[in-house]
1. Over 32 Å between Cα atoms: which of 607/658; 131/253; 369/478 fall into that group?
2. Using only Cα atoms, find the angle between the long axis of helix 423-454 and the longest principal axis of the chain, and express it within 0 to 90 degrees, rounded to the nearest 10.
3. Can you tell me the mean projection area, over all orientations, of the convex hull of the range 122-247's alpha carbons? Units nm², please.
4. Distance between the C-alpha centers of the range 703-747 and the range 492-556? Whole Å please.
5. Would you tell me the accessible area of residue 258, worked out with a 1.4 angstrom probe on the heavy atoms of the protein chains, in Å² to the nearest 10?
6. Given the whole protein assembly as supplied and a 1.4 Å probe, what does the accessible area of residue 456 come to in Å², nearest 10?
7. With axes computed from alpha carbons, what is the tilt in degrees of helix 631-645 against the longest principal axis of the chain, rounded to the nearest 10 within 0 to 90?
8. Ranked by accessible surface with a 1.4 Å probe, highest first, in what order do 52, 663 come?
Amino acid sequence: MIKNYFKIAWRNLVKNKKSSLINIGGLSIGMAVAMLIGLWIWDELNFDKYHKNYDRVAQVFQHQTWNGEVGTGPAIPMPLGEELRTSYGSNFKYLAMASWEGEHILTLGDKHINTGGMYIEKDGPKILSLKMVAGTLDGLSGLNSILISAATAKSLFGTDNAMGKNIKIDSKLDVTITGVYEDLPFNTSMREVNFIAPWDLYITTEEWFKRAATQWGNNSFQLYAEIGDNTSFEKVNRNIINAKFDKLPEEEKKYKARIFLHPMKDWRLRSSFKGGFNVGGQIQYVKMIALIGVFVLLLACINFMNLSTARSERRAKEVGIRKTVGSHRGQLVAQFLSEAVLVALIAFIFSLLLTQLCLPWFNEVSDKKMSVLWGSPVFWMIGIAFSVITGIIAGSYPALYLSSFNAIKVLKGSFKTGRFSALPRKILVVIQFSVSIALIIGTIIVYQQIQHTKNRPVGYNREGLLMINMQTPEFYGKHDILEHELKKINVITEIAETNSPLNAVWSNTSGFNWEGKDPNLDDDFATIWVSQDYGKTVGMTMVQGRDFSKDFPGDTASLIINEAALKFMNLKDPVGKQVTWNGGNTKLTIVGVAKDMIMSSPYEPVKQAVYLMNPNNVNWILLKLNPSKSISESLAGIESVFKKIIPSAPFKYEFIDKAYASKFDDEVRVGKLAGFFTILAIIISCLGLFGLASFVAEQRTKEIGIRKIVGASVFNLWKLLSKDFIFLVSLSCLIAMPLGYYFLNKWLQNYQYKIAISWWVFAAAFAGAIIITLLTVSFQAIKAALANPVKSLRTE
């Protein structure tokens, strides 16, 4: 019987080629979208699951309160590691202090490679459950040991054995390779970590690290933990909440430091905090994209329902005969569902092809490395089950509708579908276009928000500005010679040094005092250490006073503040005012007020900042390219100078405008995905509209012929056939617009620097929907209007 069902289903598909193509095409696109989104969601939900103890590993975070606002982050003081180990050790299996991940230079003889790495305590590899290719997880026991990834080993040694070989880190630390671990997969938080070196070695590299070992207020480090087997994150959090607070001097307890564990399972999807509470993060995008996928597949199913029920009169006689010869309604339902499942299975085959074609682009846009799991039996089982379920959903309404026909009325010829028989189809069309229009509105708003923030004044000139990380000791003390050599070949106009990259703030400091300061005010400033000519190099705009200058040798005791700091300090006529620091031991004079520069999130207000001149406390070189020379010529000249003066370091640079653009990566990625899926949703909706228009035109062939004979023009006939669809789409707009406004306005509340939703967005979406509808429907309407009425009536 099942074989007979599918045989009849195949014959019906072949017989009704146009509607079959529309159904299969729409379902293929819908299923391909669902498949792409399914792969993306699977990858997101499995982020960091490579690590064996994924569900018991965490990073230590802290909440702190400043002027009534709670800030949350992973930066913690060095003594906290030892305190948790000695006073709360029963809560943990492993604890490991760590540096921040960053780029370093590994050197083997004359070979230098730039790669990501970090320093961590000896139990770090166990917490991360690294898979060792050579050596063991205890490889960091020695002071001068190092573990490297398999890819790094290949880069340095090719096919030779790396174990026991000596290399240098940043041209200053000699280490011996004691282990090689398997490359971390792309969907892990630490995928850029290609080497791990001992924490004890790290704290010997800087004098201030030794002082930080007893400083509870110096939040400059990271701490990772694996909790014990017989406890939970909730229990541990209750125990350690005051681990830092209890150790702080009385004057610092006002910041209300609270320690807690942020689980690895939440690193990717739930890492946003507001007011001391976790408010989600990337998970909102996962939910949004998943919802879009469901909607797009729903649109494809609606197409199937609409076209199947629209052609109900053609199947009515078949239903009547089948019922007369003894078919039960259940058998008829099974017949029509088998047709829907067959369509879905064929669509599944085409959707695999579409998915494979789109996957490279999709990976690039979504920053993934996903692939179709062709060799996985589970994938095929899920795919086929998904197709069958889709077919059942798409075919359920047509099957129940067609199987309900009265056999006697059908065979007598008195069967009529009824004046309200088209109502369900109209409702489904309204749902279709409501979803499509909401997606159009959403795509426009997301694009507007991104552009609005991108166009926000940054406070400096990004054009032709690049930065270079000072990774080795050879960089330091070379400012003057670099300036001389680079200006001699005329490739730059300015050079300066700073402690933070221009697209981030690496240092925040408190302890400043000034005349008129509110005693209850907790000061906290972004602190930028710079060399002379910093302002000239980046194009800083001075609002009041002056920039640091070589003409003023005493500028090491000077201070520049930004506009946000001026407002925060509530100063009037600030130039010339004195500020004390470090308990009054350091006296600084404000010499200028600079325009706010966006260095952190472009979606947030600029933080109050101070600029201090200290050429000895810098980590980055900033270069302003000569605009009269081509970029390629300038870069070639700069590289030759750097290779001559600093031969131990690979020449690596980053343009500021590119670094700034990377701050929008998540929003741009979501915008592109939403736009792509919106286009596919519109295509699916238009396919359904095209099919319905074709059916309506065919159904009204006799009416059109008669109207033409009595003098109706082509325009009148086009209007007749189009007006119903225009009405339905207009109704969709009325539904989609308030819903779109509500949800998008809610989404925009996540940003402090945001757009106001304009009326023209809805007008543009409405106009676009009407134009798309007219273009889709007009082809069939005009074709029917131009048909020969004599032929139409004779055929009838």
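The values are calculated or read from the model by the stated rules, or taken from the named source; none is laboratory data. Please read all numbers here as calculations on a predicted model, not as lab measurements. Counting neighbours? That spans all protein chains shown, and the Cβs are built from the backbone with ideal geometry, glycine included. Heads up: the accessible areas ignore ligands, DNA and RNA and are worked out on the full protein's heavy atoms, side chains in. Shrake-Rupley method; radii C 1.70, N 1.55, O 1.52, S 1.80 Å.
1. 131/253; 369/478
2. The helix 423-454 is inclined about 20 degrees to the chain.
3. 9.7
4. After rounding, the separation between the Cα centres reads 61 Å.
5. Residue 258 has an accessible surface of roughly 90 Å² with all protein chains in place.
6. 30
7. 30
8. On the way: 52 170, 663 55 Å².
Heavy-atom accessible area, descending, gives 52, 663.
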